[in-house]
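Beneath this line is the structure, given in structure tokens, with notes to follow.
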Amino acid sequence: MIPVFLHLGPITIYSFGVMAALGFLAGDFTLTLECRRRGLPAGLADSIVVWGALAGFAGSRVYDVVDNWSEYMAHPWSILLSGAGFVWYGGLIGGIISAWLVGRYYKLRFVTVADMCAAPLILGQAFGRMGCLLSGDGDWGLPSTVPWAMAFPKAIVGWHGDLHLADGGLIPATVLKLDAHGMLVDGFFPAVRVHPTPIYEVLLFLAIFAVMWPLRTRSSFAGQQACLYFILGGLERFVVEFLRINPRVLWGFSEAQLLSLVMIGVGVATWLWLAGRAPALEPGVALRAST
């Protein structure tokens, strides 16, 4: 684990930020290839990635602040200075909005931009999850004895619980766990090993990318790649979440799982709707909005 790569005076370079930057570069490279294939302007990929990065980070931070309002209000400066606290679903919302705006600027249909971004986005997420692994951003799994189980003693957030008073003294900090009601509580000492769920997600993201990237040239309707992203991306998170320690909020499911089910439902419903209504997408031809 390497939560912090280096300090440059008052500036801290976090491993998560470095991996996220590499993810954006990988996404920009693959998106540029797709722009060339479709005969679209070279600057389109850069515009989507730059604005997507800004909107994505803003959206992910806003989502986390709203979701943990009381904690952030107790330490307001952490909203700007913390190296942790980025929620992927908020980033997805911000990215979708920015992609829609960039598409309007270039006079492209949103469904075209969404298709182009789907596979590169999955690849970028693989790098992002590797950043979570390096930083210990609180997204590891349940205690485990599998040979590849890991400890996260240098984690930025979540590995050590708060110190508590016990009979007038302090008891050691512990690793957070889920209690019988699905809530996070102190429970294990720092030597415990857990499922390295970020690694699981990296492997799954790469597998999804390996499926989606070659299929982009054989789509039977505009929007198919975007639908695949919602279905496969939602399924990936839903499955891995069973091994993570996020609180269970409804029917034994975590908030992320409920949102994943929404993603899958949106992907399936949109697939069925577009397959019956949208014109077929000819390889190498970008569908443009009418002016």
Practice task
Take the range 216-225 and flag every residue that is in contact with a Leu (Cβ under 9 Å, 6 or more places away or on another chain) and surrounded by 15 or more Cβ atoms within 10 Å (Cβ to Cβ).
Solution key: 219, 221, 222, 223, 224, 225
Exercise for the section: All but one of (1) in contact with a helix residue (DSSP H, G or I) (Cβ under 6 Å, 6 or more places away or on another chain); (2) over 21 Å from residue 259 (Cα atoms) hold for residue 101, so report the exception by its number. Expected result: (1)
Completion exercise
When restricted to 235, 206, the only residue farther than 25 Å from residue 135 by Cβ and at pLDDT 90 or above is 235
Completion exercise
Going through the range 268-286 in order, the residues found to be modelled with pLDDT under 50 and buried (at least 17 other Cβ atoms within 10 Å of the Cβ) are 281, 286
Handout entry: Test result for residue 196, closer than 22 Å to residue 133 by Cβ and either β-branched (Val, Ile, Thr) or modelled with pLDDT under 90 (or both)
Key = no
Practice task
Taking residue 18 as the residue in question, decide whether it is under 21 Å from residue 155 (Cα atoms), modelled with pLDDT of 80 or more and in contact with a Phe, Trp or Tyr (Cβ under 9 Å, 6 or more places away or on another chain).
Solution key: yes
Practice task
Might you check whether a residue that is surrounded by fewer than 13 Cβ atoms within 10 Å (Cβ to Cβ), outside any loop (DSSP other than H, G, I, E, B) and at pLDDT below 60 occurs anywhere in the range 38-46?
Solution key: no
Practice task
Name the single residue, out of those in the range 97-113 being aliphatic (A, V, I, L, M) and surrounded by fewer than 19 Cβ atoms within 10 Å (Cβ to Cβ), that is modelled with the lowest pLDDT.
Solution key: 97
Completion exercise
Given (1) surrounded by fewer than 21 Cβ atoms within 10 Å (Cβ to Cβ); (2) assigned to a helix (DSSP H, G or I); (3) in contact with a Gly (Cβ under 8 Å, 6 or more places away or on another chain), residue 242 misses just (3)
Fill in the blank from the handout: Taking first residues from the range 252-278 that are farther than 14 Å from residue 226 by Cβ and second residues anywhere that are among the hydroxyl-bearing types (Ser, Thr, Tyr) and part of a helix (DSSP H, G or I), the pairs with Cβ under 7 Å that are 6 or more apart or on different chains are 259/89
Practice task
Restrict the check to the range 82-91 and report whether at least one residue is small (Gly, Ala, Ser), part of a helix (DSSP H, G or I) and either touching a Leu at 6+ places or on another chain (Cβ under 7 Å) or modelled with pLDDT of 85 or more (or both).
Solution key: no
Fill in the blank from the handout: Quick count over the range 1-17, residues being among the hydrophobic types (A, V, I, L, M, F, W, C), part of a helix (DSSP H, G or I) and surrounded by fewer than 18 Cβ atoms within 10 Å (Cβ to Cβ), is 0
Exercise for the section: Could you tell me whether the range 18-28 includes any residue that is under 19 Å from residue 110 (Cα atoms) and under 16 Å from the mean Cα position of the chain (by Cα)? Expected result: yes
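The values are calculated or read from the model by the stated rules, or taken from the named source; none is laboratory data. All values derive from a computational prediction rather than experimental measurement. Cβ sites come from the backbone with ideal geometry, for glycine too, and all protein chains shown count toward neighbours.
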